[in-house]
Amino acid sequence: MSNNHSYSQRLEDTAQSESRKQEVVQLLKQIIEPTLKNDIASLGMVRDLRIVDDYIYLRLYIGSHQQQLQTEIQSKLSSISWCKKTYIQVCTIPGVRITLAVSSGKGGVGKSTTAVNIAAALKLQGAKVGLLDADVYGPNLPQMLGLGQADIQVIHTATGDKFLPLEVQGIKLMSVGLLAEVNRPLAWRGPVLHKIITQFLQDVEWGELDYLLIDLPPGTGDAQITIIQESPICGVILVTTPQQVAIADVRRNIYMFRQVGVPVLGIIENMSYLICGDCGSRTPIFGSGGGEQLAAELQAPLLGQIPIDPYICSGGDIGNPIAIGDRTSPASEVFVKIVTALEGTFSANCS
């Protein structure tokens, strides 16, 4: 009899806990993130929700509007009759207003080159910009910005030792490639990889930034998931090429972001066409329509279609991104269009 009573009581407690959790979730769905125009639960900003006795514990990843949203959450949950107190842990990157991820379904589509040129175009628009090169399989951003192999400095702060990002052409940079030996592969796995990524997200003294762009590794492995789960990403920009095989890989990538609630801000189609130097006509070397098709499927904007331009490649090799090195080129104009669209999405009232 006692065992039956104990079992029944556990069932009742479980049912009550689940009911209370759903009540909290429904209230959180009423709180809208002002920049992304969606509720914080659907956006994946609520990464952990626990109810212990009559207390609510929340872990939030908020890229902007931190104080406003935290106040609103406290106010909303205070209306729950059984809740004695709500404890909120806000995870963010100090000084960073907006954190964006740049991702691709596969390597070789120009993701890192695109990330560098978006950062450069944002800088030219007057924004304070940082780049976190988290592509542990091919960390090329130092070379693309002309840094090569440089030493990372560690400084002492009130909150502990911090990495000091390097700065070049007005862009702050931190890269896992700076930790590796020249011409040696990065063979980090499991706990070591997780620790390094977490350090680069939490222990860098960025100062004040309007935008931090995180260059993710291609694909959908452990490294990507760790970065997404450990950082307050406001949204992701997906880079593809026009071919159907590239589009298929991006679709798998999209599934990963949807699983963790990170919104897709838009699609960039790289290597879209070749411009004839004589007549100016456009030739779709790698096919056409892939980016538009994907954008339609996602109901997300096609932010830009970047043409094939030899200077994009050579500019990356010599550390002078085309968005800076050749500002009148068609490719540079596309990057300006992309950052204008992004800045329109993230309105000036973010703080």
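The values are calculated or read from the model by the stated rules, or taken from the named source; none is laboratory data. In this text the structure is predicted, and so the values were computed from the model without any measurement. Cβ atoms come from the backbone with ideal geometry, glycine included; neighbour counts cover every protein chain shown. Please note that ligands, DNA and RNA were not included when accessible areas were found on the heavy atoms of the full protein model with its side chains. Shrake-Rupley method; radii C 1.70, N 1.55, O 1.52, S 1.80 Å.
Does PRO263 satisfy the condition of being open to solvent by 10 Å² or more (accessible area, probe 1.4 Å) and touching a Leu at 6+ places or on another chain (Cβ under 7 Å)?
So PRO263 fits the description; yes.
Can you pull out the residues in the stretch 210-232 that are open to solvent by 10 Å² or more (accessible area, probe 1.4 Å) and modelled with pLDDT of 70 or more?
Selection gives ASP210, PRO218, GLY219, ILE225, THR226, GLN229, GLU230.
Yes/no per residue for (1) under 29 Å from VAL96 (Cα atoms); (2) at pLDDT 90 or above:
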| residue | (1), (2) |
| --- | --- |
| GLN30 | yes, yes |
| LYS37 | yes, no |
| VAL52 | no, no |
| LEU60 | yes, no |
| GLN70 | yes, no |
| GLN74 | yes, yes |
| LEU77 | yes, yes |
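For the stretch 154-173, give me each residue that is assigned to a loop (DSSP other than H, G, I, E, B) and of a type in the set (A, V, I, L, M, F, W, C). Full working, then the answer.
At the first step, the residues of the stretch 154-173 found to be assigned to a loop (DSSP other than H, G, I, E, B) are 158-159, 165, 169-170.
The one that is assigned to a loop (DSSP other than H, G, I, E, B) and of a type in the set (A, V, I, L, M, F, W, C): ALA158.
Among the residues of the stretch 75-131, which ones are closer than 22 Å to LEU43 by Cα, aliphatic (A, V, I, L, M) and out of contact with any Ser or Thr (no Cβ under 7 Å at 6 or more places or on another chain)?
Once the filter is applied, which keeps residues that are closer than 22 Å to LEU43 by Cα, aliphatic (A, V, I, L, M) and out of contact with any Ser or Thr (no Cβ under 7 Å at 6 or more places or on another chain), the stretch 75-131 yields ILE88, VAL90, VAL96, LEU100, ALA101.
With respect to the numbered conditions (1) modelled with pLDDT under 80; (2) in contact with a helix residue (DSSP H, G or I) (Cβ under 6 Å, 6 or more places away or on another chain), which one is the sole condition not fulfilled by LEU186?
(2)
Is there any pair with a first residue in the stretch 2-27 that is at pLDDT 60 or above and a second that is part of a helix (DSSP H, G or I) whose Cβ atoms are under 7 Å apart and which are 6 or more apart or on different chains, and what are they?
Taking only residues 6 or more apart or on different chains, the pairs are VAL24/LEU77; LEU27/LYS76; LEU27/LEU77.
Can you tell which of ILE324, ILE312, ILE338, ILE306 is out of contact with any strand residue (DSSP E or B) (no Cβ under 9 Å at 6 or more places or on another chain), at pLDDT 90 or above and within 24 Å of THR99 (Cα to Cα)? Lay out the reasoning, then the answer.
Numbers: ILE312 fails: within 24 Å of THR99 (Cα to Cα); ILE338 fails: out of contact with any strand residue (DSSP E or B) (no Cβ under 9 Å at 6 or more places or on another chain); ILE306 fails: out of contact with any strand residue (DSSP E or B) (no Cβ under 9 Å at 6 or more places or on another chain).
Exactly one of ILE324, ILE312, ILE338, ILE306 is out of contact with any strand residue (DSSP E or B) (no Cβ under 9 Å at 6 or more places or on another chain), at pLDDT 90 or above and within 24 Å of THR99 (Cα to Cα), namely ILE324.
Any chance the stretch 239-251 includes a residue that's at pLDDT 80 or above and within 30 Å of GLN66 (Cα to Cα)?
Looking through the stretch 239-251, at least one residue is at pLDDT 80 or above and within 30 Å of GLN66 (Cα to Cα).
Listed here are the residues, each with its yes/no results for (1) modelled with pLDDT of 90 or more; (2) touching an Asp or Glu at 6+ places or on another chain (Cβ under 8 Å).
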site: GLY63; (1), (2): no, no
site: ALA121; (1), (2): yes, no
site: GLN125; (1), (2): yes, yes
site: VAL129; (1), (2): yes, yes
site: PRO142; (1), (2): no, yes
site: ILE155; (1), (2): no, yes
site: GLU167; (1), (2): yes, no
site: ILE171; (1), (2): yes, no
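Is at least one residue of the stretch 272-294 under 25 Å from VAL136 (Cα atoms) and open to solvent by less than 30 Å² (accessible area, probe 1.4 Å)? It would help to see each step written out before you state the result.
Taking the stretch 272-294 as the starting set, the residues that turn out to be under 25 Å from VAL136 (Cα atoms) are none.
No: zero hits.
Give the residues of the stretch 201-218 that are assigned to a helix (DSSP H, G or I) and either within 13 Å of the chain's Cα centre (by Cα) or among the basic types (Lys, Arg) (or both), sorted by residue number. Talk me through it step by step, then tell me what you get.
Applying the first criterion (assigned to a helix (DSSP H, G or I)) to the stretch 201-218 yields 201-202.
Of everything in the stretch 201-218, just one residue is assigned to a helix (DSSP H, G or I) and either within 13 Å of the chain's Cα centre (by Cα) or among the basic types (Lys, Arg) (or both), namely LEU201.
Let me spell it out: the conditions are (1) open to solvent by 20 Å² or more (accessible area, probe 1.4 Å); (2) free of Cβ contacts under 8 Å to residues at least 60 places away in the same chain; (3) farther than 19 Å from LEU342 by Cβ, and PRO94 meets all of them except one. Which number is the exception?
Unmet for PRO94, out of (1) open to solvent by 20 Å² or more (accessible area, probe 1.4 Å); (2) free of Cβ contacts under 8 Å to residues at least 60 places away in the same chain; (3) farther than 19 Å from LEU342 by Cβ: (2).
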